[in-house]
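Please read the structure below before turning to the comments.
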Amino acid sequence: MLPFPQRPLVAALLACCAGAAGAQSAPSAQTPPPTPDAALPTVNVTGTPSVAKKNLVPSTSEGIDRDQLDDTVNVVNTEDALKYLPSSFVRKRHIGDTQAPLATRTSGVGASARSLVYADGVLLSPLIANNNTIGGPRWGMVAPSEIERIDLLYGPFSAAYAGNSIGSVVEITTRMPQKFEAEARVQQSWQSFNQYGTHDTYKSTDESVLLGNRSGDFSWWLSANQLDTHSQPLAYATVPRSTTASGAGTPVTGAYADNNRSGSPIWVVGAAGLEHQVQDNFKFKLAYDFSPAWRATYSIGLFQNNTKATAQSYLSDAGGVPKYSGSVNINGTNVPAGSFGASTFSSNVYNFNEQHVMQSFALKSNTHSDWDWEAIVSNYSYGQSIKRAPAGALPVAAGGGTGTIEYLNGTGWSTADLKGFWRPEGREGAHQVSFGAHLDRYVLEDPKYNTSDWIGGGNGSLATDSRGKTQTSALWAQDAWRFAPMLKATLGGRFENWRAYDGYNYALAPALAVNQPGLSATRFSPKGTLAWEMNKQWTATASLAKAYRFPTVSELYQSITTGATITVPNPNLKPENATSSEIALERIGDNGRVRVSLFQEDLKDALISQTAPLLAGSTTLFSFVQNIEKVRSRGVELVADQYDLLVKGLQLAGSVTYVDSRILQDSAYAPAVGKITPQLPTWRATLAATYRPNDQWTGTVAARYSGRQYSQIDNYDGNGNTFQGFSQFFVVDTRVRYQIDPHWSAAAGVDNLNNNKYFIFHPFPQRTVFAELRYRY
């Protein structure tokens, strides 16, 4: 058995497991209380069923519903709901972050295309990139007040999902009213931040309203949400720190001595990426029941975001004037102008405006007979996405001047899914067959123009342009076959045809204009799960699956500056080829459960950014996305929870995950072989204690732990506790909620109560206090 580290979270979780396995104990704050005779995956038998149960998904799953979210989590944005789910981490840098990718058991925060996020079956994952910027899921299209429940499905073990499910699948289920409903919520938060020369409090205000009703066969839902938020610095301005004495340069004070992630000495000279965001979310859903068995639903969502990012210099000259660039003298050493140029601060100063529209139409049946059908079509459009940034040095550039204007207008995706469910022997019969067809199309349009005035000027010459499209069509089927009273096999397969086309790269200087070659691939992914229900409490499962993750447009059509030229490294990348397996053992009691999962992922042709020679005959190294021959990730996940632990009303839930993920073969860069896969911590853990003394009061104390990570494929970045480093963190959160009467409730909480100052490339939020008032009718 793998040894556990001596950490408080682990010790408490082991005690929780012992209680859950001994007395017939309880479900988690993440997963509602299961029934003793439930089979994997664990589901709730009241309220809205999990997606795993409803669609017979064989994957291990965890979930959380609306009531549990209200009681236990300080939710401002929808992605907060995943905060304590096992083996997951959303890289949310601040309240309102639009670049918040999901990390899973075997995938880091820079692998956004290795997970899928859906809301009511509509895809929110922008598979135009595999990164932590434009690749982050569009969480903002779902308001927290809409959520009925969220399920997290682990691994690519269901044929119903594309190979991007190698990491996990998030299914968000939203509500539709059965009668008139109204809700209004006001939430405020205050973050106290103190690091280097930045000492400030950043406030956020979130206001939401929701109305819905059902009248005869029609039901409708209207929600509106506005968030006004200020972030801590998302970046620090740094320059090299010399040890050679010199009198050159303007004498300045205010710099902070530190080391970068590779251990080299630096000066921290300022803060940047201080974002002020105003976001609006509007959603309208209309459903019509043609009969008790058939429903049609139309949904339209609008997301608007206006962001202004500023910078703060720590340096000032003898007269107290802030210094943003040029040759300076710090503590008797010179920082030349070449090292302290305009981009030191300006690269993290920008104005960003976006307006996205999402539409979907669904037709579903629930006949309670042998056949059911489901059809969903959707479209997500970047109607407007404009980023303006300066090219000159601050402080002059703060008032205008030359710069760039970058557009993502026209970027987006469309999907169509048809699913069928066949029960040849009825709902309780031995065979439960599901099958379907899928089609998606992704478009990336990313031109950047020079401009004479970055704040309000028009387009000048075209500076760069990246474009491309991908399309995937798929057929799939699987059968959940109970071939013996205690044995069920789920066997399936997914056939996918993928192509990339219309790729184009352009640059003004150095000059580049390339029409990229088309690319296509066809793959078949078999999948199988065997579940053994030993008795009403114990279930064991074994799963094995193949999955292929096809390259995104951004990975295929990347362009790298190589001195006086620009080079496109490889527009012929191969799909990632994963063989995933899991063995799980779960015990469910009247008041709790415990699960242990052993998992392994063998990944061939992994798409990871690394350094390697790019030009023929050159030994100069450049960083770009490449196929790495072999990566292996294996680990164990322990999940447990128990209700009425020691005293009635006390619930303890938690998880521990250990993963050993290594680069096993990499012909392009030998120093990476044997190293830990980037952005994957070896240990993760969560623990949450919730006490409900009565129907009015709920109090929660929760903790999250993540071990050290590396951002470089050769693990050369040994200093994690600095800007661009990946440090370990241990964070304690609290929440208290009071139900004043049937309509009014109030809540208060603190995230990062222990004020841990940590980095995941960016500096992360420090202690943040929340207050919330809600009215429901």
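Taking region 338-364 as the range and being more than 16 Å from Gln279 (Cβ to Cβ), open to solvent by less than 50 Å² (accessible area, probe 1.4 Å) and among the hydrophobic types (A, V, I, L, M, F, W, C) as the test, the residues that pass are Phe340, Ala342, Phe345, Val349, Ala362. Number of residues in region 454-475 that are under 26 Å from the mean Cα position of the chain (by Cα) and either closer than 12 Å to Tyr407 by Cβ or touching a residue at least 40 places away in the same chain (Cβ under 8 Å) (or both): the value is 7.
If I filter region 365-392 down to residues being part of a loop (DSSP other than H, G, I, E, B) and open to solvent by 30 Å² or more (accessible area, probe 1.4 Å), which single residue comes out as nearest to Gly135 (Cα to Cα)?
Taking region 365-392 and keeping what is part of a loop (DSSP other than H, G, I, E, B), we get 366-370, 391-392.
Now narrow it down to the ones that are open to solvent by 30 Å² or more (accessible area, probe 1.4 Å): 366-370, 391.
On the way: Asn366: 35, Thr367: 38, His368: 39, Ser369: 41, Asp370: 40, Ala391: 25 Å.
Among those that are part of a loop (DSSP other than H, G, I, E, B) and open to solvent by 30 Å² or more (accessible area, probe 1.4 Å), it is Ala391.
The single condition from (1) open to solvent by 10 Å² or more (accessible area, probe 1.4 Å); (2) touching a helix residue (DSSP H, G or I) at 6+ places or on another chain (Cβ under 9 Å); (3) farther than 30 Å from Tyr236 by Cβ that Ile134 fails is (3). Looking only at residues of region 193-212 that are over 25 Å from the mean Cα position of the chain (by Cα) and open to solvent by 40 Å² or more (accessible area, probe 1.4 Å), we find that the one that is farthest from Gln304 (Cα to Cα) is Tyr196.
Reported count of residues in region 50-83, each being of a type in the set (Asp, Glu) and open to solvent by 20 Å² or more (accessible area, probe 1.4 Å), is 3.
Out of all the residues in region 701-737, which are hydrophobic (A, V, I, L, M, F, W, C) and open to solvent by 60 Å² or more (accessible area, probe 1.4 Å)? Lay out the reasoning, then the answer.
The initial filter retains those residues of region 701-737 that are hydrophobic (A, V, I, L, M, F, W, C), namely 701-703, 713, 723, 726, 729-732, 736.
Selection gives Val701, Phe730, Val736.
Scanning region 205-246 for residues that are among the hydroxyl-bearing types (Ser, Thr, Tyr) and within 20 Å of Gln312 (Cβ to Cβ) yields a total of 4.
A search for C-beta distances below 6 Å between a residue of region 495-517 that is within 19 Å of Thr464 (Cα to Cα) and any residue that is open to solvent by 80 Å² or more (accessible area, probe 1.4 Å), counting only pairs 6+ apart in sequence or on different chains, returns Tyr504/Asn515; Pro510/Ala564. Residues in region 660-684 that are assigned to a strand (DSSP E or B) and open to solvent by less than 10 Å² (accessible area, probe 1.4 Å): Ser661, Ile663. Comparison of Glu576, Glu582, Glu533, Glu496 shows that the only residue that is acidic (Asp, Glu), out of contact with any Leu (no Cβ under 8 Å at 6 or more places or on another chain) and surrounded by 16 or more Cβ atoms within 10 Å (Cβ to Cβ) is Glu496. Among all residues of region 761-769, there is at least one that is buried (at least 21 other Cβ atoms within 10 Å of the Cβ) and in contact with a Pro (Cβ under 7 Å, 6 or more places away or on another chain).
Screening Ser107 against (1) among the hydroxyl-bearing types (Ser, Thr, Tyr); (2) closer than 29 Å to Gly420 by Cα; (3) in contact with a Lys or Arg (Cβ under 6 Å, 6 or more places away or on another chain) leaves a single unmet condition, (2).
Under 29 Å from the mean Cα position of the chain (by Cα) and crowded, with 16+ Cβ neighbours inside 10 Å: does that describe Gln279? It is true that Gln279 is under 29 Å from the mean Cα position of the chain (by Cα) and crowded, with 16+ Cβ neighbours inside 10 Å. Name every residue in region 393-406 that is open to solvent by less than 40 Å² (accessible area, probe 1.4 Å) and aliphatic (A, V, I, L, M), in order of residue number. Correct list: Ala393, Leu394, Ala397, Ile405.
Residues in region 738-757 that are on the phi < 0 side of the Ramachandran plot and either in a loop (DSSP other than H, G, I, E, B) or exposed (fewer than 13 other Cβ atoms within 10 Å of the Cβ) (or both): 9 in all.
Close contacts from region 658-680, counting a first residue that is among the polar types (S, T, N, Q) and a second that is open to solvent by 60 Å² or more (accessible area, probe 1.4 Å) and assigned to a loop (DSSP other than H, G, I, E, B), with Cβ to Cβ under 7 Å and a gap of 6+ residues or different chains, come to Gln665/Val673. Could you check Thr451 against (1) under 26 Å from the mean Cα position of the chain (by Cα); (2) open to solvent by less than 30 Å² (accessible area, probe 1.4 Å) and say which number it fails? Failing condition for Thr451: (1).
The values are calculated or read from the model by the stated rules, or taken from the named source; none is laboratory data. Every value quoted in this text rests on a predicted model; they were computed, and no experiment measured them. Every residue, glycine as well, gets a Cβ built from its backbone with ideal geometry; the counts of neighbours run over all protein chains shown. Keep in mind that these areas ignore ligands, DNA and RNA; they rest on the heavy atoms of the full protein, side chains included. Shrake-Rupley method; radii C 1.70, N 1.55, O 1.52, S 1.80 Å.
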